[in-house]
Amino acid sequence: MDDVHADVRTRYEKLTEPYMDCTFKFEVVEYQGAKKAKKEQIRIIDSFKYLGLRGKIRLSNPAQVFTVLQSYSIEADLCPRSEPDYCWFGRQVGLSARSHGIVDRYEIAKRPYFGTTTFESELSLVTCNLALVKEGQLVYDPFVGTGSFALAAGHFGGYTFGSDIDFLALKGGRPGQKDIKRLKDNFKHYGTQTKFGDVLCMDFTNSALRKDLIVDTIVCDPPYGIREGLRVCGTTNLESAKLTENKLIDGEKAFLRREYVQPKKPCTLDFMLDDLLRFSAERLPVGGRLCFWMPAADDEDIPRLIPQHEKLELIYVLEQSFYRWSRRLLVYVKRDGSYTGKTVTKEERAHENNFRERYFNRFI
Ligand SMILES: C[S@@+](CC[C@H](N)C(=O)[O-])C[C@H]1O[C@@H](n2cnc3c(N)ncnc32)[C@H](O)[C@@H]1O
């Protein structure tokens, strides 16, 4: 706090001048720290007396709100440190949608349709916010599943569509099952149905999208292979593939019939991520963003696991920690032809992101 006061004292006079006679209140907000006792809050607030504000203090609906923000880091025993790492002092100029209940509104349990892969509502909104999804943009989630990101993108006004290899996730249930709900119902529930394009069943690594289709934004969490399959179309059994290729039903090649279900084979997270970057580099307009979540075991050399593409600038790497593993939100921007970043493909990365194997072996 001493540094904050030293800084505020050098420049507060000009900054507070327009607000000297307004009604006001002070707030003390902690990030990760325990809520402060009233006495301690008052001590912090009183330490700003030198501002000399002349207006009346009003706790409800004041004209101005001044806030002291303190951010604490968490110790190994999972308790916050006793002293904050960072402090800020500021005047409130506006509140985010969070203050208007958006996180509560999009809570997963309140949606008609969700599943085991549904991504947290708050972080889906954060992801779309960082992707700068805007009214009228075309937003694509290539691993759409139950559609958390699509729904969040729709909230910000994006026209969304998605694809997934899992037919049942898109259909919301097995054919013939009663009272099936699906992603479309979630959009209806939130009154954003005009923002829902559609979903298609497709292996992302064998994309059926038109080659010249440009999408403004790509947001997703690619499959880690934990709660869902990490698969692509194809088979490792070449003999059975040969048989399938030649199989006829009613004189028609079996694999050309509508009801044919492609065999799937496992693939790696690294392979999928390289494909995602290549696709994004081709399909995003200059300035368009790709945002996705990448998991890693905490003992890995994480910076060296992050994929890169020469046409995409990596601008943010934001971490969410769990026990022994973490995931990172990676935000890339497509740059124009004059930009040449580095390319780091799976062959060039230090070692494999074999998160799935490490997870099931408890990161030993
Ligand atoms: C982590 S989940 C994404 C969940 C989604 N964000 C949601 O809210 O439900 C990954 C998804 O990728 C899909 N997937 C796996 N392999 C795929 C592939 N080759 N092509 C397209 N989707 C694939 C899985 O079926 C799964 O739904």
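The values are calculated or read from the model by the stated rules, or taken from the named source; none is laboratory data. The shown structure was predicted, so the numbers you read here are calculated from the model rather than taken from an experiment. Ideal geometry is used to build each Cβ from the backbone, glycine not excepted, and the neighbour counts take in all protein chains shown. All accessible areas refer to the heavy atoms of the entire protein, side chains included, with ligands and DNA or RNA removed. Shrake-Rupley method; radii C 1.70, N 1.55, O 1.52, S 1.80 Å.
Would you check if residue 53 is part of a loop (DSSP other than H, G, I, E, B) and more than 30 Å from residue 151 (Cα to Cα)? Working first, answer last.
Values: part of a loop (DSSP other than H, G, I, E, B): yes; more than 30 Å from residue 151 (Cα to Cα): yes.
Judged against the criteria, residue 53 is a match.
From 224, 260, grab the single residue that is more than 19 Å from residue 353 (Cα to Cα), part of a loop (DSSP other than H, G, I, E, B) and either among the aliphatic types (A, V, I, L, M) or assigned by TED's automatic domain parsing to the domain that holds residue 122 (or both).
Values: 224 fails: more than 19 Å from residue 353 (Cα to Cα).
So the residue among 224, 260 that is more than 19 Å from residue 353 (Cα to Cα), part of a loop (DSSP other than H, G, I, E, B) and either among the aliphatic types (A, V, I, L, M) or assigned by TED's automatic domain parsing to the domain that holds residue 122 (or both) is 260.
Restricting the first member to the range 227-253 and to residues that are modelled with pLDDT of 80 or more, and the second to residues that are surrounded by 12 or more Cβ atoms within 10 Å (Cβ to Cβ) and small (Gly, Ala, Ser), the beta-carbon pairs closer than 6 Å and six or more apart or on different chains are 235/241; 247/254.
Only one entry in 146, 160 is under 15 Å from residue 124 (Cα atoms), of a type in the set (Val, Ile, Thr) and within 10 Å of the ligand (Cβ to nearest atom), namely 146. Return the residues of the range 224-249 that are of a type in the set (Val, Ile, Thr) and open to solvent by 100 Å² or more (accessible area, probe 1.4 Å); say none if nothing qualifies. Within the range 224-249, just 236 meets the criteria. Being modelled with pLDDT under 95, more than 13 Å from the ligand (Cβ to nearest atom) and closer than 24 Å to residue 103 by Cβ narrows it down to one residue among 195, 211, 188, 181; which is it? Step by step, each of 195, 211, 188, 181 is checked, and only 181 is modelled with pLDDT under 95, more than 13 Å from the ligand (Cβ to nearest atom) and closer than 24 Å to residue 103 by Cβ.
Only one residue in 17, 40, 30 is assigned to a strand (DSSP E or B), assigned by TED's automatic domain parsing to the domain that holds residue 90, at pLDDT below 95 and of a type in the set (D, E, K, R). Which one? Let's see the steps before the verdict.
On the way: 17 fails: assigned to a strand (DSSP E or B); 40 fails: assigned to a strand (DSSP E or B).
Criteria check complete, one pass: 30.
Residues that are under 20 Å from residue 108 (Cα atoms) and of a type in the set (Val, Ile, Thr) were ranked within the range 129-181; the one that is surrounded by the fewest Cβ atoms within 10 Å (Cβ to Cβ) is 180. Scanning the range 353-364 for any residue that is in a strand (DSSP E or B) and β-branched (Val, Ile, Thr) turns up nothing.
Would you check which residues across the range 216-263 are within 16 Å of the ligand (Cβ to nearest atom), hydroxyl-bearing (Ser, Thr, Tyr) and more than 28 Å from residue 148 (Cβ to Cβ) and list them? Selection gives 235, 236. Screening the range 297-323 for residues that are within 25 Å of residue 338 (Cα to Cα) and among the aliphatic types (A, V, I, L, M) and picking the one that is most open to solvent (accessible area, probe 1.4 Å) gives 317. Restricting the range 209-223 to residues that are open to solvent by less than 80 Å² (accessible area, probe 1.4 Å) and acidic (Asp, Glu) leaves a set whose member that is farthest from residue 134 (Cα to Cα) is 221. In a residue-by-residue description of the range 187-195, the property of being closer than 26 Å to residue 281 by Cα and under 21 Å from the mean Cα position of the chain (by Cα) applies to at least one position. Of all residues in the range 324-339, count the ones that are within 23 Å of residue 144 (Cβ to Cβ) and either open to solvent by less than 10 Å² (accessible area, probe 1.4 Å) or in contact with a Lys or Arg (Cβ under 7 Å, 6 or more places away or on another chain) (or both). Residues meeting the conditions: 6.
Taking (1) in contact with a Ser or Thr (Cβ under 9 Å, 6 or more places away or on another chain); (2) at pLDDT 95 or above; (3) closer than 23 Å to residue 274 by Cβ in turn, residue 117 satisfies each apart from (2).
Residue 169 versus (1) of a type in the set (A, V, I, L, M); (2) out of contact with any helix residue (DSSP H, G or I) (no Cβ under 8 Å at 6 or more places or on another chain); (3) more than 10 Å from the ligand (Cβ to nearest atom): which is the lone unmet condition? Unmet for residue 169, out of (1) of a type in the set (A, V, I, L, M); (2) out of contact with any helix residue (DSSP H, G or I) (no Cβ under 8 Å at 6 or more places or on another chain); (3) more than 10 Å from the ligand (Cβ to nearest atom): (3).
Considering the range 325-352 alone, what residues qualify as being of a type in the set (Gly, Ala, Ser) and part of a strand (DSSP E or B)?
Start the filter on the range 325-352 by keeping residues that are of a type in the set (Gly, Ala, Ser), which leaves 326, 337-338, 341, 350.
The one that is of a type in the set (Gly, Ala, Ser) and part of a strand (DSSP E or B): 326.
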